1. What list do you get for 145, 47 if you sort them by fewest beta carbons within 10 Å?
2. Taking 0.36 nm per residue of separation and subtracting the Cα-Cα distance, what length does fully extending residue 169 through residue 58 add?
3. Could you give me the radius of gyration and the Dmax of the range 16-172, taking only the C-alpha atoms into account and expressing both in angstrom?
4. Just to confirm my numbers, what's the Cα centroid distance between the range 31-83 and the range 91-152 in Å?
5. To make sure I understand, if each residue's beta carbon is the centre and we count other beta carbons within 10 Å, what order do 132, 112, 144 fall in, fewest to most?
6. Hey, what's the Kirkwood Rh for the range 77-158 if you take every pair of different alpha carbons, in angstrom?
7. Treat every Asp and Glu Cβ in the range 16-172 as -1 and every Lys and Arg Cβ as +1, leave all other atoms uncharged, and give the resulting dipole magnitude about the Cα centre to the nearest 20 debye.
8. Which order do 72, 51 fall in if you start with the one that has the fewest other Cβ atoms within 10 Å?
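No lab work stands behind these numbers, since they all come straight from the coordinates. Treat the numbers as computed from the prediction; the structure is a model and nothing was measured. Positions of Cβ are backbone-derived with ideal geometry, glycine not excepted, and every protein chain shown enters the neighbour counts.
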Amino acid sequence: MNVEHDHGETNELICRKQGELIQNKGGRKPVQALREDTCRQLIREAIQSLKYSYSPYSGFKVGAALLTKDLKIYTGCNIENASYSPTSCAERTAFFKAVSEGKKDFQAIAIVGGKDGVLDDYCPPCGVCRQVMMEFCNPKSFFVILAKSEADYWIYTLEDLIPMGFGPDNLFQK
Ligand SMILES: [Zn+2]
């Protein structure tokens, strides 16, 4: 799926809550802005993915929508398993769908989730998913959108969520 608008226009820094959050951290400025309509579209796609959540054991439904740099959106849901450990999170489902189709450059992911699909709180990614994001994303410029609705969300950089994360640069640095 493609995003619906032309991204060439002015990049207007999005979020209410997000602006404060990022700029308050040591005066650091976001290296890349994400448009509000893009955020909303990602959140909408993540919410739509909740209906595919396979979560008969926990009843905790999660949906994700991952935006590539070439403006494609890959969605994912959590997929549980009777033997538990093969369970996959929504975020990794989205990443692996995208990577399996040749995409490796990503801008942002929106994540929503809650018991029985009720979005009464934000749903942060688990540690395993944060590590998968480290593999493919620049921690300073990849955005993670945690939403309760299209109008109620926070945006973090990946670095906010996994400070000093270990990634490919650690192995390739000279
Ligand atoms: Zn996860």
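1. Going from sparsest to densest Cβ surroundings: 47, 145.
2. Result: 36.4 nm gained on full extension.
3. Expressed in Å, the Cα Rg and Dmax of the range 16-172 come to 14.9, 47.
4. 7
5. Values: 132 19, 112 30, 144 25.
So the residues, fewest neighbours to most, are 132, 144, 112.
6. Numbers: mean 1/r = 0.0743 Å⁻¹.
Answer for the range 77-158: a Kirkwood hydrodynamic radius of 13.5 Å.
7. The calculated dipole for the range 16-172 is roughly 200 debye.
8. Neighbour counts put them in this order, fewest first: 51, 72.
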